[in-house]
Amino acid sequence: MTDYLSIAFLLFGLGVVLFLAEYFLPTGGFLLVGGTLLCAAGVAVIAMYGEAVEAVAALVVLCLGIPIGGSVLISIWGKRMAATHSPAVETGPGAVQEMVAEFEQYRGRYGKTLSPMRPAGTVEIDGRRVDALTEGVMLDANVWVKCIDVRAGTVVVRQVAAPRDLADFDPADLT
């Protein structure tokens, strides 16, 4: 006959495998429930055939070990994935300040929407494509806009009337 601790450890191991499977194959929690039930069955086997001290030890290890171990593994895995699969992007306050400074040059400038703004989309200002937001209004493509603000590195635009002729274009007429 197989030892009860072997059966309990097998149930714990299968439960942990289901926890890991949920991380890679999100099923909405079904695998987490299955893993929890398998771990609970392992504790029940120890409680039925072992001593009370063994059952309490198994509960403590499961209640503390799995969450802590899972957090550490996910943290290590996430850092590893971020280091190997994401492009090198400078982050931090300096990068945000540079982006805001770059977009500040568009404040007060005019351009055209390249895509529908729902309310986010793409505009062309000074020959450059810029991701932008409206003030909450939806706009169609090929609509004249003016950059009215730059908030947290995002260009905010407002629809303006189209100029009659670009040769006679005076930005003061659109305000």
Practice task
Given the conditions (1) part of a loop (DSSP other than H, G, I, E, B); (2) at pLDDT below 80, report the number of the one that Trp77 does not fulfil.
Solution key: (1)
Exercise for the section: Return the only residue of Pro87, Pro116, Pro93 being surrounded by 10 or more Cβ atoms within 10 Å (Cβ to Cβ) and either of a type outside the set (A, V, I, L, M, F, W, C) or modelled with pLDDT under 90 (or both). Expected result: Pro116
Problem - Number of the exception - Gly111 against (1) closer than 10 Å to Val157 by Cα; (2) surrounded by fewer than 16 Cβ atoms within 10 Å (Cβ to Cβ) - result: (2)
Handout entry: Residue satisfying condition, being of a type in the set (D, E, K, R) and touching a Gly at 6+ places or on another chain (Cβ under 8 Å), within set Glu22, Glu51
Key = Glu22
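For the range 131-155, which residues satisfy the criterion of being of a type in the set (Val, Ile, Thr) and surrounded by fewer than 20 Cβ atoms within 10 Å (Cβ to Cβ)?
Val137, Val143, Ile148, Val150, Thr154
The values are calculated or read from the model by the stated rules, or taken from the named source; none is laboratory data. From a predicted model like this one, the values you see are computed outputs, not experimental measurements. Every residue, glycine among them, receives a Cβ derived from its backbone with ideal geometry; neighbour counts consider all protein chains shown.
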